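The values are calculated or read from the model by the stated rules, or taken from the named source; none is laboratory data. Being a predicted model, the structure only gives us computed values, none of them experimental. Because the Cβ atoms are built from the backbone with ideal geometry, glycine has one as well, and the counts that use them run over all protein chains shown.
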Amino acid sequence: MKYISTRADAASQTNPRGFSEILLEGLAPDGGLYLPTHYPHVDDATLNRWRGLPYHELAFEILSLYIDDIPKADLRDITARTYTKAVYGFEAITPLKPLESGVYLEALSNGPTLAFKDMAMQLLGNLFEYELRRRGEQLNILGATSGDTGSAAEYAMRGKQGVRVFMLSPHGRMSPFQQAQMFSLPDANIHNLAVEGVFDDCQDIVKAVSNDLDFKRQYKIGTVNSINWARLLAQVVYYFAGYFYATKSNAEKVSFTVPSGNFGNVCAGHVARMMGLPIEQLVVATNENNVLDEFFRTGSYRVRGSAETFETSSPSMDISKASNFERFMFDLLGRDGARVKSLFKDEIEQRGEFHVSAAEFAKVAGYGFVSGTSQHSDRLVTIKDTFERFGLMIDTHTADGLKVAREHLKPGVTMLVLETALAAKFADTIVEATGRQPERPHWIAGLEGLEDRPKRFTVLPADVDMVKDYVTRHCQD
């Protein structure tokens, strides 16, 4: 299996890269995102063989279709060490939680930072350590977070040999729990940079640094954001797992609703569907920052500036420039890299928006995508209703998903809503909705008094050169 850029530069087409190369690289040299040259097709017999496999074995089977430059025995060992009951609290790793008839939550947030990002980040940490040890190299990870990616990355990378983390977050725009998870870590290889701006400013800085190829190579810069294909690949696994948990035969179809800001989580569902997983619909749920919903309704993609990016009670979705959307557009446009480059590099950078043709927009339905949006008042109603009817406390992002999911139910098609985080991460809104404090999971140590611990972070302006300077001064620590 080889990988090419969504912007189809000549080098990537004539000399496609192996998995281990792009694992440490992140963005392609032309600014595009890596995708496999093709999606492996999973037939009915393979689906039957995979049913009932433990999660770590299912992960190995799926990953081995895309990774052929790591020995199978080593890859199996990595997945077995990553997906354990000790880390995730449950043998099933991503068990289903039943709601009303035909509607389930898929529990993705039982890892160490109480967010679905752990599902991929724990694997990424083990892959990074394995590959760096194999090469005898080091890596400086530069990432951006709107709330959950940062803590998941830092918890996955703390103590890892040869890895330093420089994590950018929007100053003052995460929940107190999210901030405490990141800023209270004492590990010397973890650096938190609070950027005076919104998440998109942080993400733009990461991309700008990654596009400076000389700097990137000199200081061995890698990424953990969902622009890294390995992270997205890990997320493909729980779509298959959820499908197997919810069905008895491959004749059944299911739909998935995915709270989405950066399009990475739902893009993994797109990959699973392209592989042949029987998915009826992929429902994209947005909050007040509804850039993606606007596209799936109109065919127009318009990024927002900082002034138009709302600060909401589902802050991990306060994103107005969805990086992974480029991967879907690459497939939608027939893998025409030149067309993708003209949209994302030329039109977005010059005009801040693009519009696909009527014929191109008509193809969207064929990929199963629909969408909807949710407001703060919707979150409160959904959180309160879910607690009163089912005894479950859900977080604000999952509430966005559940609200939108109910607008797209189809008779005879099970709907799985991907849980984004546990309610404990957003206690203020949970209390507002239910009048009760959410409990913290008993299987994860060290959560009590988290917000009161000393915090280590540096405030910086949204300036690429200042971030580069910080990395340069600390990359040898």
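For this structure, a couple of remarks:
- Scanning segment 49-59 for residues that are surrounded by 14 or more Cβ atoms within 10 Å (Cβ to Cβ) and touching an Asp or Glu at 6+ places or on another chain (Cβ under 9 Å) yields TRP50, LEU53, PRO54, TYR55.
- Restricted to segment 76-96, and to residues there that are within 30 Å of GLY412 (Cα to Cα) and under 21 Å from the mean Cα position of the chain (by Cα), the residue that is surrounded by the fewest Cβ atoms within 10 Å (Cβ to Cβ) is ALA92.
- Of the residues making up segment 221-236, none is over 16 Å from ASN262 (Cα atoms) and touching a Lys or Arg at 6+ places or on another chain (Cβ under 8 Å).
- Tally, over segment 379-403, of residues that are surrounded by fewer than 19 Cβ atoms within 10 Å (Cβ to Cβ) and either of a type in the set (Phe, Trp, Tyr) or more than 16 Å from LYS425 (Cβ to Cβ) (or both): 8
- Of the candidates LYS410, LYS425, the single residue that is modelled with pLDDT under 95 and under 30 Å from ILE279 (Cβ atoms) is LYS425.
- Identity of the residue in segment 273-309, out of contact with any Ser or Thr (no Cβ under 9 Å at 6 or more places or on another chain) and surrounded by fewer than 16 Cβ atoms within 10 Å (Cβ to Cβ), that ends up modelled with the lowest pLDDT: ALA307
Residues are listed down the side, and each one gets a yes or a no for (1) within 16 Å of the chain's Cα centre (by Cα); (2) surrounded by fewer than 23 Cβ atoms within 10 Å (Cβ to Cβ); (3) among the acidic types (Asp, Glu); (4) modelled with pLDDT of 90 or more:
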residue	(1), (2), (3), (4)
ALA120	yes, no, no, yes
LEU123	yes, no, no, yes
ARG134	no, yes, no, yes
ALA152	yes, no, no, no
HIS171	no, yes, no, yes
HIS191	no, no, no, yes
GLY197	no, yes, no, yes
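- Checking each residue in segment 136-150 for being charged (D, E, K, R) and surrounded by fewer than 24 Cβ atoms within 10 Å (Cβ to Cβ) picks out only GLU137.
- Filter result for the condition that a residue is of a type in the set (Ser, Thr, Tyr) and within 22 Å of THR37 (Cα to Cα), over SER342, SER320: SER342
- Candidates SER371, SER342, SER377, SER320 - the one that is under 26 Å from LEU232 (Cα atoms) and part of a helix (DSSP H, G or I): SER342
- Leading residue by the ranking (farthest from GLY150 (Cα to Cα)) among those in segment 298-317 that are in a loop (DSSP other than H, G, I, E, B) and charged (D, E, K, R): ARG304
- LYS468, sole failed condition from (1) closer than 26 Å to ASP200 by Cβ; (2) of a type outside the set (Val, Ile, Thr); (3) over 25 Å from the mean Cα position of the chain (by Cα): (3)
- Residue check, GLU388 of a type in the set (D, E, K, R), modelled with pLDDT of 95 or more and within 11 Å of LEU105 (Cβ to Cβ): no
- Residue within segment 237-250 that is touching a His at 6+ places or on another chain (Cβ under 7 Å) and either farther than 30 Å from ALA59 by Cα or modelled with pLDDT of 95 or more (or both) present: no
- Listed here are the helices (runs of 4 or more DSSP H) enclosed by segment 19-128 that have at least 2 residues being basic (Lys, Arg): 72-82.
- GLY264, sole failed condition from (1) closer than 21 Å to THR472 by Cβ; (2) under 16 Å from the mean Cα position of the chain (by Cα): (1)
- Qualifying residue in segment 427-448 (condition: surrounded by 17 or more Cβ atoms within 10 Å (Cβ to Cβ), among the small types (Gly, Ala, Ser) and under 20 Å from the mean Cα position of the chain (by Cα)): no
- Subset of segment 449-477 (residues that are at pLDDT below 95, acidic (Asp, Glu) and surrounded by fewer than 12 Cβ atoms within 10 Å (Cβ to Cβ)): ASP452, ASP477
- Number of residues in segment 338-356 that are surrounded by fewer than 17 Cβ atoms within 10 Å (Cβ to Cβ) and either touching a Cys at 6+ places or on another chain (Cβ under 7 Å) or without any contact (Cβ under 8 Å) to a residue 40 or more places away in the chain (or both): the value is 6.
- Residue pairs meeting the criteria (Cβ under 7 Å; at least 6 apart or on separate chains; first within 20 Å of GLN181 (Cα to Cα), in segment 428-450; second among the basic types (Lys, Arg)): THR429/ARG379; LEU447/ARG440
- Checking each residue in segment 202-218 for being buried (at least 21 other Cβ atoms within 10 Å of the Cβ) and modelled with pLDDT of 90 or more picks out CYS202, ILE205, VAL206, VAL209.
- The requirement of being within 19 Å of GLY269 (Cα to Cα) and more than 20 Å from the chain's Cα centre (by Cα) is not satisfied by SER101.
- Some residue of segment 278-297 being under 29 Å from ASP44 (Cβ atoms), in contact with a helix residue (DSSP H, G or I) (Cβ under 8 Å, 6 or more places away or on another chain) and outside any strand (DSSP E or B): yes
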